[in-house]
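The values are calculated or read from the model by the stated rules, or taken from the named source; none is laboratory data. Since the structure is predicted, the reported quantities are computational estimates derived from the model, not experimental observations. Ideal geometry is used to build each Cβ from the backbone, glycine not excepted, and the neighbour counts take in all protein chains shown.
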Amino acid sequence: MTKSALSEQFDQLLNVSAEKTKEIDCISHNPGSGRMQIIELVSLVHASDIQADTKRRISDMLVRLIEHSQMEARFGTLLTNSDVGFLKRLEAKHPNISPKDALVLLFIKLGYDTREIARRRGISTRGMESIRYRIHKKIGRGKHQALKTYLGDL
């Protein structure tokens with residue numbers, strides 16, 4: 001490859017890395033906001049004069065929002081509904097996983113590579129590799145069993 005082609009490829013990789021960093025930063029800000037307002041709304045719904053089945057549906061939805069908000073506060077990042085579902089299934093299957101490890105597993109499931117996760121956590125790539133190795137042992141995966149495949153099936 002020529003020097004200009006390598007330079008162009010390097011610039012493209014820098015752009016991809018910058019986009020991934022922005023995406024991670026975007027989902028990591030302001031977790032858990034609005035929980036108290038949702039709790040107040042639940043009490044207002046219970047005190048209101050609406051049909052019982054409608055009241056139950058609204059209450060169930062608000063309880064799910066509260067659980068979602070609590071998960072965001074616990075993990076320190078904004079989560080989608082599918083992320084919350086994944087983390088609940090992960091915790092049910094592996095209760096010994098810490099919130100930090102669960103967040104790493106979420107990023108692995110979402111397709112982030114070791115370098116991107118390490119940069120986000122502020123550790124070296126080698127440190128992230130050690131964390132992945134430790135997680136492998138915690139969830140009982142073999143040496144050559146991919147975490148991403150396992151997490152996709154979960």
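For the range 88-145, how many residues are closer than 20 Å to residue 70 by Cβ and acidic (Asp, Glu)?
2
Please enumerate the residues belonging to the range 87-110 that are surrounded by 14 or more Cβ atoms within 10 Å (Cβ to Cβ) and either more than 20 Å from residue 134 (Cβ to Cβ) or aliphatic (A, V, I, L, M) (or both).
87, 90, 97, 102, 103, 104, 105, 106, 108, 110
Looking at the range 64-78, which of the residues that are hydrophobic (A, V, I, L, M, F, W, C) and in contact (Cβ under 8 Å) with a residue 40 or more places away in the chain is surrounded by the fewest Cβ atoms within 10 Å (Cβ to Cβ)?
73
Residues to consider are 91, 72, 129, 67; find the one that is of a type in the set (Asp, Glu) and under 30 Å from residue 14 (Cβ atoms).
Of the residues listed, the single one that is of a type in the set (Asp, Glu) and under 30 Å from residue 14 (Cβ atoms) is 129.
Taking the criterion of being closer than 24 Å to residue 106 by Cβ and touching a residue at least 24 places away in the same chain (Cβ under 8 Å), would at least one residue in the range 39-61 satisfy it?
No; the residues of the range 39-61 include none that is closer than 24 Å to residue 106 by Cβ and touching a residue at least 24 places away in the same chain (Cβ under 8 Å).
Filter the range 128-154 down to the residues that are free of Cβ contacts under 8 Å to residues at least 12 places away in the same chain and surrounded by 13 or more Cβ atoms within 10 Å (Cβ to Cβ) and list them by number.
Selection gives 136, 141, 150.
Do we find that residue 88 is closer than 30 Å to residue 40 by Cβ, out of contact with any His (no Cβ under 6 Å at 6 or more places or on another chain) and without any contact (Cβ under 8 Å) to a residue 24 or more places away in the chain in this structure?
Criteria met by residue 88.
Within the range 28-63, can you find the residues that are charged (D, E, K, R), at pLDDT 80 or above and exposed (fewer than 13 other Cβ atoms within 10 Å of the Cβ)?
49, 53, 56, 57, 60
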